[in-house]
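K.L.:
Here you go, one structure.
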């Protein structure tokens, strides 16, 4: 990365997270089922951490209101961002390496917040409406597609995008709270064109 400025390194780091998000989701979350090792020291190995991610992701698909504990995610974020920053600092210098790592980490936090909000809060604008349709289609119609949560870029690059088409059929037991009118059990009027509860 010669001649790369710190702001550019930050932006490349943020883009780097979107690629990591896609790869983790597609190749680990929806990859071969992995067993979590029994011994604690095996659990902190790369294969143990991947097995944990795989288990947590499958649990989230079984119950979309389930999210892995924030403490585990915070530890993973700090460790991965530190390792990325240290490795890149050795290659491109500390200013650029740390800027990349901060961009990577900031986008990771953005992903975590967005993913939770998709499941817990109603859309507030065009992007949030699209993000919910895109991600919920992954949950309820096409789990092998739409792996990007923050952006569909990598789904387009790797031809794993399923276009959002309304209305999406959502199982009533798994429908987000924001989608359902508690008085009627039906989809709230503002979302009726986007979803059907079955």
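The values are calculated or read from the model by the stated rules, or taken from the named source; none is laboratory data. The structure displayed is predicted, hence computed values, not measured ones. Ideal geometry is used to build each Cβ from the backbone, glycine not excepted, and the neighbour counts take in all protein chains shown.
K.L.:
Can you pull out every residue in the stretch 120-162 that is buried (at least 20 other Cβ atoms within 10 Å of the Cβ), farther than 22 Å from residue 16 by Cα and in contact with a helix residue (DSSP H, G or I) (Cβ under 8 Å, 6 or more places away or on another chain)?
P.N.:
Of everything in the stretch 120-162, those that are buried (at least 20 other Cβ atoms within 10 Å of the Cβ), farther than 22 Å from residue 16 by Cα and in contact with a helix residue (DSSP H, G or I) (Cβ under 8 Å, 6 or more places away or on another chain) turn out to be 132, 136.
K.L.:
If you take the residues of the stretch 165-198 that are assigned to a helix (DSSP H, G or I) and in contact with a strand residue (DSSP E or B) (Cβ under 7 Å, 6 or more places away or on another chain), which of them is surrounded by the fewest Cβ atoms within 10 Å (Cβ to Cβ)?
P.N.:
Per the criteria, the residue is 172.
K.L.:
Need a quick list: helices (runs of 4 or more DSSP H) entirely within the stretch 1-80 having at least 2 residues that are surrounded by 16 or more Cβ atoms within 10 Å (Cβ to Cβ).
P.N.:
6-23, 46-62
K.L.:
Please find, within the stretch 120-148, the residue that is nearest to residue 198 (Cα to Cα) out of those that are under 16 Å from the mean Cα position of the chain (by Cα) and without any contact (Cβ under 8 Å) to a residue 12 or more places away in the chain.
P.N.:
The selected residue is 128.
K.L.:
Residue 114: over 13 Å from the mean Cα position of the chain (by Cα) and in contact (Cβ under 8 Å) with a residue 24 or more places away in the chain, yes or no?
P.N.:
No, not satisfied.
K.L.:
Quick one: would you say residue 90 is part of a helix (DSSP H, G or I) and farther than 27 Å from residue 70 by Cα?
P.N.:
yes
K.L.:
Filter the stretch 81-119 down to residues that are at positive phi and crowded, with 17+ Cβ neighbours inside 10 Å, then give me how many there are.
P.N.:
Residues flagged as at positive phi and crowded, with 17+ Cβ neighbours inside 10 Å within the stretch 81-119 amount to 0.
K.L.:
Any idea how many residues of the stretch 1-29 are at pLDDT below 90 and out of contact with any helix residue (DSSP H, G or I) (no Cβ under 6 Å at 6 or more places or on another chain)?
P.N.:
Result for the stretch 1-29: 3.
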